[in-house]
Amino acid sequence: MACSHAGLVEEGKRYIRSMIEDYGLKPQLSHFGCMVDIYCRGGLLSEAYEFILAMPVKPNAVIWRTLLGACGIHGYVELASVTHYKLLELEERLVGDDVVMSNIYAAKGMWDKKLMVRNEIKQRRAPGCSSIEVGNCIHEFVSADDNHPMANEFYMVLLHLVENMRTYGYDLDLSSSF
């Protein structure tokens, strides 16, 4: 990890080789992950991908996510797409993977692909739900749910609470909240 954070790609490669050749040690998945991180932090994403493909053990989701994140930083759309697919094959799909992929597409102005990934997220995942108790009844709603019969009342109560908090010195920017 020190080699990764210091940008010492060649030294990291030398340590992996030394483990195997000089000490007869079999690198574990975590060692391979460190090497992928070294390549990624060094901007050597093609080398990282080739290294992953040549690993004698099956790469896990963490290794693929390391590469996906680096693709986002360095703008490698094609490799990001391949990496995202590898994560889907592992069936360890996290929303964060889709968000990273969506942001990579957005950074390149590929709005149709960004929307496609975002729509997949919406189809696969139920939105977060909040609840509020009014009297003896619990009401559930999602963000920006203007269809709830008591939406206006909920927002009025929230605005009243914010105003009360402001009298005690709390400052909140509501421009994007309501």
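The values are calculated or read from the model by the stated rules, or taken from the named source; none is laboratory data. These numbers were taken from a predicted model, which means no experiment stands behind them. Note that we place each Cβ from the backbone using ideal geometry, even for glycine, and neighbour counts take in every protein chain shown.
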Answer yes or no: is there a residue in the range 48-58 that is aliphatic (A, V, I, L, M), touching a Pro at 6+ places or on another chain (Cβ under 7 Å) and either at pLDDT below 95 or surrounded by fewer than 11 Cβ atoms within 10 Å (Cβ to Cβ) (or both). no
Tell me, which helices (runs of 4 or more DSSP H) lie completely within the range 44-124 with 2 or more residues that are over 21 Å from VAL9 (Cβ atoms)? 77-90, 95-107, 111-124
Return yes or no: is LYS108 modelled with pLDDT of 80 or more and either closer than 27 Å to VAL62 by Cβ or more than 19 Å from the chain's Cα centre (by Cα) (or both)? yes
Would you check which residues across the range 74-98 are surrounded by fewer than 14 Cβ atoms within 10 Å (Cβ to Cβ) and either in contact with a strand residue (DSSP E or B) (Cβ under 7 Å, 6 or more places away or on another chain) or of a type in the set (Val, Ile, Thr) (or both) and list them? VAL95
Could you list, in sequence order, all residues of the range 63-73 that are touching a helix residue (DSSP H, G or I) at 6+ places or on another chain (Cβ under 6 Å) and within 15 Å of ILE38 (Cα to Cα)? ILE63, TRP64, THR66, LEU67, LEU68, ALA70, CYS71
Screening MET19, MET55 for residues that are under 30 Å from ILE121 (Cβ atoms) and more than 21 Å from the chain's Cα centre (by Cα) leaves only MET55
What single numbered condition from (1) surrounded by 11 or more Cβ atoms within 10 Å (Cβ to Cβ); (2) modelled with pLDDT under 75; (3) under 14 Å from CYS129 (Cβ atoms) fails to hold for SER177? (3)
